[in-house]
Amino acid sequence: MKELVEKLNTKYALQDIIYQRDNMVFATISKELVIEAITYMRDYEGFAHFVMMSCADWIEDNKFQLTYILNNPQQRCDVALRVMIERENPTMTSAHHLWKQVWTYQREIREAFGIQFPGSPRVEENFVLEGWTDKPHMLRDFDTHEYAEKTYFPRGGRTTNDPATYMREKLYPNQPVTAKKNKNVE
């Protein structure tokens with residue numbers, strides 16, 4: 001694994017390399033080089049399986065972090081390449097041409113975070129939230145409480161009941177509730 005990382009580092013100037021375990025490494029790469037790097041890994045290093053793509057909102061740094069996780073089934077190892085992109089008008093080159101399932105991740109990330117993937121199939125279609133018109137719901141500055149208050153009718157909070165007492169009252173509503181005596185206590 002270290003040999004592969006050294007080779008990738010020489011070609012793509014990796015940063016923040018973290019060995020999560022013996023067979024998994026995380027590294028940050030520039031936005032401009034990530035598609036080239038994952039293409040190289042697929043075509044020349046045996047990383048035939050695209051595991052997943054995820055996004056994190058680093059609002060404090062005004063950035064999004066996209067993470068591409070690739071797997072080499074023969075060597076049983078994973079490489080996760082992280083890319084930092086600007087939060088303002090976020091756009092990322094699509095990787096759907098490398099693995100067919102990538103468009104699904106990109107579509108979900110576009111809906112949840114507002115990141116655009118030009119040319120990705122069906123990326124503008126709703127993924128989960130049909131008819132959603134508010135800002136992307138996974139942004140850290142999206143106020144879920146405010147959204148719920150303005151969207152849904154108010155209702156009372158929950159009550160907590162002792163399960164034994166509650167069931168006794170439901171099953172035997174006409175019998176008075178009596179305290180059960182513990183045989184071990186005098």
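I'd like to check something: does region 50-59 contain any residue that is under 21 Å from PRO121 (Cβ atoms), aromatic (Phe, Trp, Tyr) and either under 22 Å from the mean Cα position of the chain (by Cα) or loosely packed, with under 12 Cβ neighbours inside 10 Å (or both)?
Scanning region 50-59 turns up at least one residue that is under 21 Å from PRO121 (Cβ atoms), aromatic (Phe, Trp, Tyr) and either under 22 Å from the mean Cα position of the chain (by Cα) or loosely packed, with under 12 Cβ neighbours inside 10 Å (or both).
Consider ASN126 carefully, then state whether it is part of a loop (DSSP other than H, G, I, E, B), free of Cβ contacts under 8 Å to residues at least 40 places away in the same chain and under 20 Å from SER30 (Cα atoms).
no
Of all residues in region 133-152, count the ones that are at pLDDT below 90, part of a loop (DSSP other than H, G, I, E, B) and either surrounded by 10 or more Cβ atoms within 10 Å (Cβ to Cβ) or among the β-branched types (Val, Ile, Thr) (or both).
So the answer is 2.
Scan region 39-49 and tell me whether some residue there is in contact with a helix residue (DSSP H, G or I) (Cβ under 6 Å, 6 or more places away or on another chain), more than 17 Å from CYS77 (Cα to Cα) and either not in a strand (DSSP E or B) or not β-branched (Val, Ile, Thr) (or both). Can you show your working first?
Within region 39-49, the first condition is being in contact with a helix residue (DSSP H, G or I) (Cβ under 6 Å, 6 or more places away or on another chain), and the residues that meet it are 47.
Right, trim to more than 17 Å from CYS77 (Cα to Cα) and you get none.
Within region 39-49, none of the residues are in contact with a helix residue (DSSP H, G or I) (Cβ under 6 Å, 6 or more places away or on another chain), more than 17 Å from CYS77 (Cα to Cα) and either not in a strand (DSSP E or B) or not β-branched (Val, Ile, Thr) (or both).
Could you please find all residues in region 71-92 being within 24 Å of LEU8 (Cα to Cα), more than 19 Å from the chain's Cα centre (by Cα) and of a type outside the set (D, E, K, R)?
If the condition is that a residue be within 24 Å of LEU8 (Cα to Cα), more than 19 Å from the chain's Cα centre (by Cα) and of a type outside the set (D, E, K, R), then ASN72, PRO73, GLN74, GLN75, CYS77 are the ones that fit.
Conditions (1) touching a Leu at 6+ places or on another chain (Cβ under 9 Å); (2) at pLDDT 95 or above; (3) under 19 Å from GLN116 (Cβ atoms), marked per residue:
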{"residue": "ILE29", "(1), (2), (3)": "yes, yes, no"}
{"residue": "ILE35", "(1), (2), (3)": "yes, yes, yes"}
{"residue": "TYR40", "(1), (2), (3)": "yes, yes, no"}
{"residue": "TYR44", "(1), (2), (3)": "no, yes, no"}
{"residue": "ALA48", "(1), (2), (3)": "yes, yes, no"}
{"residue": "VAL51", "(1), (2), (3)": "yes, yes, no"}
{"residue": "GLU60", "(1), (2), (3)": "no, yes, no"}
{"residue": "THR67", "(1), (2), (3)": "yes, yes, yes"}
{"residue": "VAL83", "(1), (2), (3)": "yes, yes, yes"}
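In region 100-111, which residue that is of a type outside the set (D, E, K, R) and surrounded by fewer than 19 Cβ atoms within 10 Å (Cβ to Cβ) is nearest to LYS2 (Cα to Cα)?
Among them, the one singled out is GLN101.
Within region 1-53, which residues are within 27 Å of TRP103 (Cα to Cα), without any contact (Cβ under 8 Å) to a residue 24 or more places away in the chain and among the acidic types (Asp, Glu)?
The answer is GLU32, ASP43.
Please verify whether region 96-105 includes one or more residues that are without any contact (Cβ under 8 Å) to a residue 60 or more places away in the chain, β-branched (Val, Ile, Thr) and in a helix (DSSP H, G or I).
Looking through region 96-105, at least one residue is without any contact (Cβ under 8 Å) to a residue 60 or more places away in the chain, β-branched (Val, Ile, Thr) and in a helix (DSSP H, G or I).
The values are calculated or read from the model by the stated rules, or taken from the named source; none is laboratory data. Computed from a predicted model, the values in this text were never measured in an experiment. Methodologically, a virtual Cβ is constructed for each residue, glycine included, from the backbone with ideal geometry; neighbour enumeration extends over all protein chains shown.
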